[in-house]
Amino acid sequence: MTTRATRILVIRFSSIGDILLTAPAVASLRQAIHGPCEIHFLTKANMSPVVEGFGGLVDHVHTIEESTAEVQEALKGLNFDYLVDLHNNVRSRSIKRTLGLISFTVDKQNWAKWLLVRGWRRTPVTSIVERYVEAFAGAFGAVVPERWPDLFEQASAPAELPATYAVLAIGATHSGKLLTPSLMQTIVDRSELPVVLIGGSGDVERVKVLDDSKVITMVGETTLAESAAVLRSAEHVYAGDTGMMHLAAAVGTPVTSFWGCTRPSLGMAPWNPAQGSAIIVPNAQLGSRPCSKLGNRCRHANGCMAATEQAYSEGSVK
């Protein structure tokens, strides 16, 4: 008699970093299930390359463009046993109502984050990886893993890369996370290695401010999988609080992260980064309080990243 696989739907719609950080939790979930297990992942269509990088951790990827109505009927027919909601928003709650399954939901700690932004709380928020696992740990006996699972194992880097190099990830969704042009130039100047620049197509103009004698630009030229391969082969990565910061940690490359209007206290610092990693935050004059949860607002006239640049320039971290 064949035992039916336990079928679980995991939901996280965006963004790159948030989805990457579900990987340790998915690995923990798979390990905790006794017997055959089939894990499905629901995300936005433009985020599917992130989940595809999970390899064998995920059996099936389901996507939406705009509305959960696009997949509700198909998901109903798959007879899931459990639902793990790692997004906890209107869309994921709609899926939970539709499927009516035993479900487990991440605590986003939005109240605690709001208190941090307001300056009424000092205790950091627990890492999102721990909160992802805590969502279902009690039901399955899952534990937070000690390391990242292997991600983007089949990815290949472009052949024209030098034998040794550093990477500077220049993009960010919100202005409060963007590295200043002078900070980027300082990173390039201080590097003893050639510096490979990566970023999205919208970051091409930002490259033009840099002295190009020491940089190799791949901005707008690599897929997510290729970026993962570039990061994996690098000696060191420099990035803001972005998906590339998390991807560097995920593939095991030391990463120096620069924090502007967000702070590690919000629970989104690199998880289990490689030895040699560093976190650079604004100097003590601005304190540890985040300006905003997403980095889209600054209380200091966009001075946070400038203060971080000063801290980096005055410090010994390279």
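The values are calculated or read from the model by the stated rules, or taken from the named source; none is laboratory data. The model shown is predicted, which means the values in this text are computed figures rather than measured ones. Here Cβ is always computed from backbone atoms with ideal geometry, including for glycine, and neighbour counts include all displayed protein chains.
Please report, ordered by residue number, the helices (runs of 4 or more DSSP H) entirely within segment 199-318 with at least 2 residues that are modelled with pLDDT under 95 and of a type outside the set (Lys, Arg).
It comes to 204-207, 304-314.
Is one or more of the residues making up segment 189-202 within 30 Å of Arg289 (Cβ to Cβ), of a type in the set (Val, Ile, Thr) and out of contact with any Pro (no Cβ under 6 Å at 6 or more places or on another chain)?
First, the residues of segment 189-202 that are within 30 Å of Arg289 (Cβ to Cβ): 190, 199-200, 202.
Checking the rest, the ones that are also of a type in the set (Val, Ile, Thr) come to none.
No.
Among the residues that make up segment 181-192, is at least one of them closer than 19 Å to Met47 by Cβ, modelled with pLDDT of 95 or more and part of a helix (DSSP H, G or I)?
no
Can you confirm whether Arg232 is surrounded by fewer than 24 Cβ atoms within 10 Å (Cβ to Cβ), touching a Gly at 6+ places or on another chain (Cβ under 8 Å) and closer than 18 Å to Pro149 by Cβ?
Criteria met by Arg232.
Looking at (1) surrounded by 16 or more Cβ atoms within 10 Å (Cβ to Cβ); (2) assigned to a loop (DSSP other than H, G, I, E, B), which one does Tyr132 not meet, given that it meets all the others?
(2)
Show the residue pairs meeting these rules: Cβ distance below 9 Å; 6+ apart or different chains; first residue within segment 146-159 and closer than 19 Å to Ile198 by Cβ and touching a residue at least 12 places away in the same chain (Cβ under 8 Å); second residue surrounded by 19 or more Cβ atoms within 10 Å (Cβ to Cβ) and among the charged types (D, E, K, R).
Close Cβ pairs (under 9 Å, with a partner that is surrounded by 19 or more Cβ atoms within 10 Å (Cβ to Cβ) and among the charged types (D, E, K, R)) amount to Phe152/Arg232; Ala155/Arg232; Ala157/Arg232.
Specify the residue that is farthest from Gly267 (Cα to Cα); the eligible residues are those in segment 106-129 that are in a loop (DSSP other than H, G, I, E, B) and β-branched (Val, Ile, Thr). It would help to see each step written out before you state the result.
At the first step, the residues of segment 106-129 found to be in a loop (DSSP other than H, G, I, E, B) are 106-109, 119-127.
Adding the requirement that they be β-branched (Val, Ile, Thr) leaves 106, 123, 125-126.
On the way: Val106: 13, Thr123: 11, Val125: 5, Thr126: 5 Å.
Ranking the qualifying residues of segment 106-129, first place goes to Val106.
Can you pull out every residue in segment 1-32 that is modelled with pLDDT under 95 and either within 24 Å of Val71 (Cβ to Cβ) or surrounded by 19 or more Cβ atoms within 10 Å (Cβ to Cβ) (or both)?
Within segment 1-32, Arg4, Ala5 qualify.
Tell me which residues, restricted to segment 191-226, are without any contact (Cβ under 8 Å) to a residue 40 or more places away in the chain, touching a helix residue (DSSP H, G or I) at 6+ places or on another chain (Cβ under 8 Å) and polar (S, T, N, Q).
Correct list: Thr217 only.
Evaluate the following for Ile64: is it aliphatic (A, V, I, L, M), over 19 Å from Thr6 (Cβ atoms) and surrounded by fewer than 19 Cβ atoms within 10 Å (Cβ to Cβ)?
Details: aliphatic (A, V, I, L, M): yes; over 19 Å from Thr6 (Cβ atoms): yes; surrounded by fewer than 19 Cβ atoms within 10 Å (Cβ to Cβ): yes.
Spelling it out, Ile64 is indeed aliphatic (A, V, I, L, M), over 19 Å from Thr6 (Cβ atoms) and surrounded by fewer than 19 Cβ atoms within 10 Å (Cβ to Cβ).
Going through segment 152-178 one residue at a time, which ones are over 18 Å from Lys214 (Cβ atoms) and crowded, with 22+ Cβ neighbours inside 10 Å?
Within segment 152-178, Phe152, Gly171, Ala172, Gly176, Lys177, Leu178 meet the criteria.
A quick yes/no check of all residues on (1) in contact (Cβ under 8 Å) with a residue 24 or more places away in the chain; (2) in contact with a Leu (Cβ under 9 Å, 6 or more places away or on another chain):
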residue: Ile11; (1), (2): yes, yes
residue: Ile16; (1), (2): yes, yes
residue: Gly35; (1), (2): yes, no
residue: Thr43; (1), (2): yes, no
residue: Met47; (1), (2): yes, no
residue: Val61; (1), (2): no, yes
residue: Val84; (1), (2): yes, yes
residue: Val106; (1), (2): yes, yes
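Among (1) more than 30 Å from Val196 (Cβ to Cβ); (2) touching a residue at least 40 places away in the same chain (Cβ under 8 Å), which single condition is Ser94 missing?
Among (1) more than 30 Å from Val196 (Cβ to Cβ); (2) touching a residue at least 40 places away in the same chain (Cβ under 8 Å), the lone unmet condition for Ser94 is (2).
Take Val84 and decide whether it is part of a loop (DSSP other than H, G, I, E, B) and modelled with pLDDT of 95 or more.
The answer is no for Val84.
Could we say that Glu73 is free of Cβ contacts under 8 Å to residues at least 40 places away in the same chain, assigned by TED's automatic domain parsing to the domain that holds Ile39 and under 23 Å from the mean Cα position of the chain (by Cα) here? Please lay out each step first, then the result.
On the way: free of Cβ contacts under 8 Å to residues at least 40 places away in the same chain: yes; assigned by TED's automatic domain parsing to the domain that holds Ile39: yes; under 23 Å from the mean Cα position of the chain (by Cα): no.
Spelling it out, it is not the case that Glu73 is free of Cβ contacts under 8 Å to residues at least 40 places away in the same chain, assigned by TED's automatic domain parsing to the domain that holds Ile39 and under 23 Å from the mean Cα position of the chain (by Cα).
Tally the residues that are surrounded by 10 or more Cβ atoms within 10 Å (Cβ to Cβ) and either of a type in the set (Asp, Glu) or assigned to a loop (DSSP other than H, G, I, E, B) (or both), restricting the search to segment 67-79.
Of segment 67-79, the ones surrounded by 10 or more Cβ atoms within 10 Å (Cβ to Cβ) are 67-72, 75-76, 78-79.
Keeping just the survivors that are either of a type in the set (Asp, Glu) or assigned to a loop (DSSP other than H, G, I, E, B) (or both) gives 67, 70-71, 78-79.
Result for segment 67-79: 5.
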